Structures are given as C-alpha cells and as structure tokens.
Amino acid sequence: MPTRRKLALVARSVILVALTVLCTQETGWRRPSPEKPAQPAPAPPAVVPSEAAREASAMDALAGPAAAGDLDVMTFNLRYASDSPPHSWAQRRPVTRALLTTERPDLIGTQEGLSAQLADIKADLGSGYDYIGLGRNGGDSGEHMAIFFKTARLLPQESGNFWLSETPTVPGSKSWGSFATRMVTWVLFADRETGRHFYAVNTHLDNRSENARLHAAQLIRQRLAAFGSLPIVLTGDFNSAARSSSAVYHLLVDQAGFRDSWTTAPRRTKPYATIHNYQALVPGGIQADWILTSPGVTASAVLMNTFRLGTQYPSDHLPVQARLRLP
C-alpha cells in the first residue's frame, strides 16, 4: 500500500495538471509549436508611378511656392497617342500623369493630343481641370492644340480656333507647302484670383516647311494684334530655334515685340534641346518649344522639365514651364 506521503504527492500532481488545463482554456494560450525557419516578409504592395513620383514640383524647387497672383504656365508637346511600343501611350501615360499631377500648372498649352489621349489626361488631372480645343481636322478629329486650365483659378470668357492657312476659318486647311494641317486655339480667361483678363494662345507650327512656318507666324501676329491691349500668353511647339537667326523667332520676338520668357526670367534651369526623341538630352541644343508673352507680362522663373520614370520620358519633347505675373 502506498504510504501517506506518496499519496499526498500524487494528489498534488493531479491538482497541478488540472490547474494547467484550466488556465489553458481560459487564456487561449497554446504550447509553442517547434520553431520553423524564418519566412521572408511579404513584398509591399506595388506603388503606382504617380505615387512614387510625388516629390516637390520642379518649379517650386527652382522658385519656391507660388505667390498670390503668380501664374504657372506650361507648354507641352504630348506626342500623339500610339499603341506601338516603345514609347506607346500606355507606357507614357503613367509618366505624364506623374509629371502633371506633381507640377499642376494653372495653364497648359498642349500640342499633338488626340481626343482619347486628352480625355485620359483630364481624368488623371482630376475634376479641378478642364480643357478647350478642337481637332485640326475639325470636331474631335486629329491632333488638338488643347489648352488645359485650373477651373478654380481661370474662368473662360470666349474661345476660338483658326487654321494656319490662306483660309483660316476652314477646318483641315493648309497652305504654303505645309506638310501637315496646323492651327491655333485661343481662350480669353478671367483670372478669379486677381480679377485680370488675358488671352491664352496655343499653336504648333509645321515641322518641315520653313516657308509655311514663316507665313503661319505672320498670320498669328496679325490675328493676335486684333486682341487689343489685354495681356497674351503664347505657348507652342514652333519647330524653330529660339534665336534671332530663326525667321519665326525674329518675326514674333524682334519685330512683333513678344517677350521670350526663357531670356527674360532671372531664374532658369540648364537649357537643353527641347526635342530629345527619347535619347540622351543635348545641353544647349535647339529650343523649339517656347512660352512667349506680350510686353508687361513678367517671368520670374522658367525651366525645362527633364522628369522621367526610369528611362521613360512622358514625351519626345521636354515640357517648358514659366512662372508669370500679369500686369
């Protein structure tokens, strides 16, 4: 027979086991399973390019935040939307979205945009933007000289289009040996912030014929003179060098009196050829994309935006930006 001491030890063991079971049921604790090899942490969710690229805008980095009354303007040859890689619109759209949503200019003069492409850009910019413009073949057909604008800042009053030809009211018309149909879109804006009015004018001159470019510049000069004394901001791909030896530049700047924001702004970035064709940038190359203004409009800063994601640029042109102050 077990001794009284042995019976007491057995009883104590039974009580301890019971208490352990009870505690396990109440706390949910479980004996740890044998240690397993460490597993790699799950990869973070993919970041879309527009989120990855949200840094300070290039204009703010150059000139600081815009002051009250400053007007941030961009001219941007979008390169028409193509389905064919490399540099298809599907590849470039996220880069364009990241660029534009970071910079968020008040006014953007675009060239070459196709109707669906412009709708994509409007969707990417969000409800705070709208655009005005026709296709160069009339209606929504063909490339547009669309003018995007912040609706909270700028209120369209009037708008119109004319074609760079001997029949400027005829959609799709061309003259003077022009390779392609070329046109102008203009908008008279009221600036909600300052109460001032000004004209935004946007164009794209021919890429092959110097004769067509010169006649087009003469027509633009003539048409804009009819706008009267209100300030004018003229954006475009002029397919001409921004120097007096260029007939188009000489006519518009030296003769007509438009001011080149690139030369008048006290702050600017390094200059490059604005048409890079997705190749290495060329310092000091031909500046074919301009922001011109009527006298009295001052530019405090101007830049060529070299933004890209990896090796992908948003277009075969560099956007040009200016911070302006209307008189």
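So how do 105-111, 299-305, 83-89 stack up, highest first, on mean other-Cβ count within 10 Å? Let's see the in-between values first.
Working: 105-111: 26.6, 299-305: 22.4, 83-89: 11.4.
Those peptides, ordered most packed to least, come out 105-111, 299-305, 83-89.
Surface composition of the range 261-327: carbon and sulfur atoms hold 55% of the protein heavy-atom accessible area at a 1.4 Å probe. Multiplying the residue separation of ARG243 and THR169 by 0.36 nm and removing their Cα-Cα distance gives an extension gain of 23.6 nm.
If you place +1 on the Cβ of every Lys and Arg and -1 on the Cβ of every Asp and Glu, how big does the dipole about the Cα centre of the range 214-327 come out, in debye to the nearest 20? Dipole of the range 214-327, to the nearest 20 debye: 320 debye.
Stretching ASN137 away from THR311 to a fully extended chain increases their span by 59.3 nm, per 0.36 nm per residue minus the current alpha-carbon distance.
Which length gain, in nm to one decimal place, applies between ALA123 and GLU210 when the Cα-Cα distance is subtracted from 0.36 nm times their residue separation? Write down the numbers at each step before the final one.
Details: separation 87, 0.36 × 87 = 31.32 nm, distance 3.66 nm.
Taking 0.36 nm per residue and subtracting the Cα distance, the gain is 27.7 nm.
Taking the charge dipole of the range 103-173 about its Cα centre, with +1 at Lys and Arg Cβ atoms and -1 at Asp and Glu Cβ atoms, the residue from TYR131, ASN161, SER173 reaching farthest to the positive side is TYR131. Which of rounded, prolate or oblate describes the range 157-282 when judged by the alpha-carbon gyration tensor and an a/c cut-off of 1.5? Cα axes put the range 157-282 in the oblate bin. Annotation: peptides 266-274, 144-152, 190-198, ranked by per-residue average of other Cβ atoms within 10 Å with the highest first, follow the order 144-152, 266-274, 190-198. Of all DSSP beta bridges confined to the range 241-326, the antiparallel ones make up roughly 85%.
The values are calculated or read from the model by the stated rules, or taken from the named source; none is laboratory data. Quick caveat, the model's predicted, so the values are computed rather than measured. Every residue, glycine as well, gets a Cβ built from its backbone with ideal geometry; the counts of neighbours run over all protein chains shown. Quick note on the areas: whole protein, heavy atoms, side chains included, nothing else; ligands and nucleic acids left out. Shrake-Rupley method; radii C 1.70, N 1.55, O 1.52, S 1.80 Å.
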